[in-house]
Amino acid sequence: MIELRSVSKSFGDRDALNGVTLHVGRNELLSVVGPSGCGKTTMLNVVAGLCYPDEGEVQINNVIVDGWEGRRRIHVRPSKRKVGYVFQNYALFPHMKVQDNVAYGLKAMHLPRSEVEIRTRSILEFVGLLNHSESYPHELSGGEKQRVALARSLVTNPEVLLLDEPLSALDPRSREALRRDFKNLLRELEVTVVYVTHDLTEACSLSDRIAVMDRGRVEQAGHCDQILERPKSRFVAEFLGLNVYDGRVVQDPSGVILIKVGGTEIFGPATENPDGERVLVTLRPEDIVISTEPEVKNQRWCGCTCNSLSGTVLEIVRMKSSARVVVDVGFPVKSELSLSSIRELGLAEGKNVYVQFKAESLSISPVR
Ligand code: ATP
């Protein structure tokens, strides 16, 4: 279990952490995402004890490792925290064989040689690298090096494991493979894990719960689905890649709820929000259908209140197996389509199309 309570840390006049409050349950895996410079690494360093917080309290398994007792400052040394740390750039000793890199922490604990050997073998087997025990780091691929780094941080049986963008130095294919490996390996462990990444897909595929950070604060923490459905702020919604608009509720006398975005009125979901209230409107790109005809033909939407907005294709950004299509309907709407759909619809920049989505697909929340 990790508990951060109003933790702040500045470097000169720069606030790296600005009142971070976060709970990670015992043996939970929590992913932390956020843009560069938002304080992710500083937060890990504070938990590891590599960095003193200016304010606030940090607990690991109900023990205060940073904080104050009256006027006395508590700071438990990193080596006493039972924390393992995996860095982005592996940080292996280049002149040591794989087995010696892994055994390093155990030797520092002055354990008997036989125990060091047994534990080293066992953890190398766990990460699938027993046959590389005698290799040197330069003889390994990036993915293998990172598995050595994982083994090295796990061999001392930490209660908390911190991973700081462990896959970011890898090419996309190795990254994908190692992500799957890490997911399986971490699942088997009884350890509390904080996994930092820039990549939202990686975060949501590894853990049920994520924390989104911005400018030294945890903006929102919760289950991926819950955050995607109800982002608390414009920042979180934009970071998640959603369509985000400022809107105004129009409670039509006939009982229909409309949301006014710019000059356009669209059907919205049932809401208690009063007429005229300003709201943050979000819409997931994957909930949108692009059509060349105004009628909504999606069978699954039969009986639902739907929007069909006429617009012009502004931009098509092709990716590996899909494309992001931005359509101007009076405001820009981004959607995600398969490359085959783009071909079938004959989509091109400047083409007139209809943007369709269910009223219920809109999520509205009060402006913060
Ligand atoms: P990235 O994703 O790019 O690694 P991050 O979210 O991990 O970024 P941090 O490395 O925690 O962010 O940095 C947060 C802020 O604190 C940044 O503005 C950074 O420049 C600053 N900072 C971090 N460490 C130091 C330091 N030792 N001295 C001065 N400023 C620092």
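Reported count of residues in the range 196-235, each being more than 25 Å from Asn27 (Cβ to Cβ) and crowded, with 22+ Cβ neighbours inside 10 Å, is 2.
Would you call Thr21 surrounded by 13 or more Cβ atoms within 10 Å (Cβ to Cβ), within 16 Å of the ligand (Cβ to nearest atom) and modelled with pLDDT of 95 or more? Criteria not met by Thr21. Can you find a residue in the range 264-276 that is touching a residue at least 60 places away in the same chain (Cβ under 8 Å), buried (at least 22 other Cβ atoms within 10 Å of the Cβ) and within 29 Å of Glu360 (Cβ to Cβ)? Within the range 264-276 (the criterion being touching a residue at least 60 places away in the same chain (Cβ under 8 Å), buried (at least 22 other Cβ atoms within 10 Å of the Cβ) and within 29 Å of Glu360 (Cβ to Cβ)), the answer is yes, since at least one residue qualifies.
Test of understanding: among Asn62, Asn89, which residue is over 30 Å from Ser135 (Cα atoms) and either open to solvent by 10 Å² or more (accessible area, probe 1.4 Å) or modelled with pLDDT under 95 (or both)? Steps first, please.
Values: Asn89 fails: over 30 Å from Ser135 (Cα atoms).
From the options Asn62, Asn89, the qualifying one is Asn62.
Scoring Arg77 on the criteria (1) of a type in the set (Lys, Arg); (2) surrounded by fewer than 13 Cβ atoms within 10 Å (Cβ to Cβ); (3) within 16 Å of the ligand (Cβ to nearest atom) leaves a single failure, condition (3).
Residues satisfying the criterion are absent from the range 136-158 (criterion: surrounded by 18 or more Cβ atoms within 10 Å (Cβ to Cβ) and either within 16 Å of the ligand (Cβ to nearest atom) or not assigned by TED's automatic domain parsing to the domain that holds Val98 (or both)). Would you confirm whether any residue within the range 311-320 is closer than 27 Å to Arg234 by Cβ, under 32 Å from the mean Cα position of the chain (by Cα) and assigned to a loop (DSSP other than H, G, I, E, B)? The answer is yes, given that some residue of the range 311-320 is closer than 27 Å to Arg234 by Cβ, under 32 Å from the mean Cα position of the chain (by Cα) and assigned to a loop (DSSP other than H, G, I, E, B). Here Val83 meets the list (1) within 15 Å of the ligand (Cβ to nearest atom); (2) surrounded by 14 or more Cβ atoms within 10 Å (Cβ to Cβ) almost entirely, failing just condition (1).
Scanning the range 277-311 for residues that are touching a residue at least 12 places away in the same chain (Cβ under 8 Å) and basic (Lys, Arg) returns Arg278, Arg284. Only a single criterion out of (1) more than 30 Å from Gly142 (Cα to Cα); (2) within 16 Å of the ligand (Cβ to nearest atom); (3) in contact (Cβ under 8 Å) with a residue 24 or more places away in the chain is not satisfied by Leu50, namely (1). In the range 116-137, how many are in contact (Cβ under 8 Å) with a residue 12 or more places away in the chain, farther than 15 Å from Asp100 by Cβ and in a helix (DSSP H, G or I)? Number of matching residues: 1.
Is one or more of the residues making up the range 241-251 within 24 Å of Lys334 (Cβ to Cβ) and of a type in the set (S, T, N, Q)? Yes.
Based on this model, can you work out whether Pro166 counts as surrounded by 18 or more Cβ atoms within 10 Å (Cβ to Cβ), within 16 Å of the ligand (Cβ to nearest atom) and of a type outside the set (Ser, Thr, Tyr)? Taking the combined requirement at face value, the residue satisfies it.
The values are calculated or read from the model by the stated rules, or taken from the named source; none is laboratory data. From a predicted model like this one, the values you see are computed outputs, not experimental measurements. Cβ: placed from backbone, ideal geometry, glycine included. Neighbour counts: every protein chain shown. Quick note on the areas: whole protein, heavy atoms, side chains included, nothing else; ligands and nucleic acids left out. Shrake-Rupley method; radii C 1.70, N 1.55, O 1.52, S 1.80 Å.
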